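One structure below.
The values are calculated or read from the model by the stated rules, or taken from the named source; none is laboratory data. Here the structure is a predicted model, which is why all the values come from computation and not from measurement. Using ideal geometry, Cβ is built from the backbone for each residue, glycine included, and neighbour counts are taken over all protein chains shown.
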Amino acid sequence: MSEISREVLSVGDLNRAIAASLEARFDSIWVSGEISNFKAYDSGHWYFSLKDEEGQIRCVMFRGRNGQVGFMPQSGDLVEVSASLGLYVPRGDIQLTIQTLRRAGMGGLYEAFLKLKAKLAKEGLFDVERKRDIPTHPRAIGIVTSPQAAALKDVLSTLARRAPHIPIVIYPTLVQGPDAPAGIIAALNAAQQEKAVDVILLVRGGGSIEDLWAFNDEQLAYAIAACAIPVVSGVGHETDITIADFVADLRAPTPTGAAELAAPRKDQMLQELAAIQQALLQRVNQRVEREAQTLDQLALRLSHALPNPERMREQISAWQQRLIQAWSVRVDSWQRNQKHYQSQLEMLNPQRTLERGYAVILGKAGHSMQAVRDPKQLNTKEAFEVRLAKGQIEVEFSKIKQNPETQSI
């Protein structure tokens, strides 16, 4: 070190000297900590930090090594790594170059996540029975996210492609940081007050567990559960799971997936309408055919039920003849009866009795004349009327002598 200290070193030389010293001193060590800001690049290399309550250190695990890990690490995982300590010369950053990585337990954030998940599950917020159905044909779709979020652009693009006819309402809010949960809750309340949408998409792009921690907020979970409008969550990537995903009525793997689940495809709707139209036409044709067949059957029954017109005319003629005969017989009978009644009446006619030589003596009885039936009704004081067959006379009796034989009768 004495010769190095006597030289004037460039920054690069110094960093390389430090790197060599660290690699010699810490050639192979085991370190435990919580993964943070994990990133897997297209090159296959992993970059992240290991941290605990006292500090953090950058880490790199190259593709040749991480292929043997057996699982995809996530931010929040507590792991143990076998690594060599070195220094990244271009930036002068101390970092661990990891050879082996294994699980060592759960990180603090993840532990808090599991604790809250268990509590809410016990309260029934994750129960399938309380989840509402997502409308298949929403009148409008609400989006709760940050206006600057890349996820919003993906969601709008998907909705424009699948269902350009459905109106979109954006409820802007923060989706990261300590103020994000309160902002998301306020956006959900605004959507409920407006009542302008039938479904809400709660979306955000991917990130570390710290970036997505706002969606693990307990009060936000209660707000989603109490929301009167169905909520579809699309937070992070497919491997990112948040409390909001469990509470939402439907969980999508990505923001784009949430848009696809909430909006029916226009071409599919047209196909469904065409299928419905075809089914209706088929039903109508079937009904028409059935009714036509029924009409034919009724016509056949009617033709059998109605007699032949010629036969009907013959029957009418026969009935007319019978009616005439019956009426003639009835008239003859009435005429015979009339003649009989006339002869009976003629026999009872008083005029006929007078014509046989009899006479009728009529006496006054008040204002009318009545026949005298008793000799005692005769007197010499009043005038009496005698009716004969060919006329009538008025007589007065001068003397009345009653025949004894007649009296005895």
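Taking every residue in segment 181-204 that is at positive phi and pairing it with any residue that is outside any helix (DSSP H, G or I), at least 6 positions away or on another chain, the pairs with Cβ-Cβ distances below 9 Å are LYS195/ALA228; LYS195/ILE229.
A quick yes/no check of all residues on (1) touching a strand residue (DSSP E or B) at 6+ places or on another chain (Cβ under 8 Å); (2) farther than 30 Å from ALA259 by Cβ; (3) among the basic types (Lys, Arg):
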| site | (1), (2), (3) |
| --- | --- |
| ARG102 | yes, yes, yes |
| ARG132 | no, no, yes |
| ILE141 | yes, no, no |
| THR145 | yes, no, no |
| GLN148 | no, no, no |
| VAL155 | yes, no, no |
| PRO164 | no, no, no |
| ILE168 | yes, no, no |
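SER43 falls short on exactly one of the conditions (1) farther than 22 Å from GLU210 by Cα; (2) assigned to a strand (DSSP E or B); (3) touching a Lys or Arg at 6+ places or on another chain (Cβ under 9 Å), and that condition is (2). Checking the stated criteria, PRO138 turns out to be farther than 30 Å from VAL11 by Cβ, outside any strand (DSSP E or B) and of a type outside the set (Asp, Glu). For segment 175-189, does any single residue satisfy the condition of being of a type outside the set (Ser, Thr, Tyr), surrounded by fewer than 19 Cβ atoms within 10 Å (Cβ to Cβ) and under 22 Å from the mean Cα position of the chain (by Cα)? No, because not a single residue in segment 175-189 is of a type outside the set (Ser, Thr, Tyr), surrounded by fewer than 19 Cβ atoms within 10 Å (Cβ to Cβ) and under 22 Å from the mean Cα position of the chain (by Cα).
One residue stands out in segment 66-94 among those that are surrounded by 15 or more Cβ atoms within 10 Å (Cβ to Cβ) and either without any contact (Cβ under 8 Å) to a residue 40 or more places away in the chain or touching a His at 6+ places or on another chain (Cβ under 8 Å) (or both): the one that is nearest to ASP42 (Cα to Cα), namely ASN66. In summary, no strands (runs of 3 or more DSSP E) completely within segment 287-397 bear 3 or more residues that are without any contact (Cβ under 8 Å) to a residue 24 or more places away in the chain and among the aromatic types (Phe, Trp, Tyr). Any residue at all in segment 50-65 that's outside the structural domain of GLY206 (by TED's automatic domain parsing), in contact with a strand residue (DSSP E or B) (Cβ under 7 Å, 6 or more places away or on another chain), under 27 Å from GLU111 (Cα atoms) and in contact (Cβ under 8 Å) with a residue 60 or more places away in the chain? Taking every residue of segment 50-65 in turn, none turns out to be outside the structural domain of GLY206 (by TED's automatic domain parsing), in contact with a strand residue (DSSP E or B) (Cβ under 7 Å, 6 or more places away or on another chain), under 27 Å from GLU111 (Cα atoms) and in contact (Cβ under 8 Å) with a residue 60 or more places away in the chain. Here segment 209-249 is the region considered, the condition is being without any contact (Cβ under 8 Å) to a residue 24 or more places away in the chain and assigned to a loop (DSSP other than H, G, I, E, B), and the residue that is surrounded by the fewest Cβ atoms within 10 Å (Cβ to Cβ) is GLU238. Kindly establish whether VAL8 is at pLDDT below 85 and under 30 Å from ILE243 (Cα atoms). Considered against the rule, which asks whether it is at pLDDT below 85 and under 30 Å from ILE243 (Cα atoms), VAL8 comes out as no.
The condition of being within 30 Å of ALA244 (Cα to Cα) and of a type in the set (A, V, I, L, M, F, W, C) holds for ILE35.
A quick yes/no check of all residues on (1) surrounded by 12 or more Cβ atoms within 10 Å (Cβ to Cβ); (2) closer than 24 Å to ASN66 by Cβ; (3) in contact (Cβ under 8 Å) with a residue 24 or more places away in the chain:
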position	(1), (2), (3)
LEU96	yes, yes, yes
GLU111	yes, no, no
PRO135	yes, no, yes
PRO138	yes, no, yes
ILE141	yes, no, yes
VAL144	yes, no, yes
PRO147	no, no, yes
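Residues in segment 365-383 that are within 18 Å of SER398 (Cα to Cα) and either of a type in the set (S, T, N, Q) or surrounded by 11 or more Cβ atoms within 10 Å (Cβ to Cβ) (or both): 7 in all.
Test ILE98 against the stated conditions and say whether it is closer than 30 Å to ALA24 by Cβ and either assigned to a helix (DSSP H, G or I) or modelled with pLDDT of 90 or more (or both). Lay out the reasoning, then the answer.
Working: closer than 30 Å to ALA24 by Cβ: yes; either assigned to a helix (DSSP H, G or I) or modelled with pLDDT of 90 or more (or both): yes.
It is true that ILE98 is closer than 30 Å to ALA24 by Cβ and either assigned to a helix (DSSP H, G or I) or modelled with pLDDT of 90 or more (or both).
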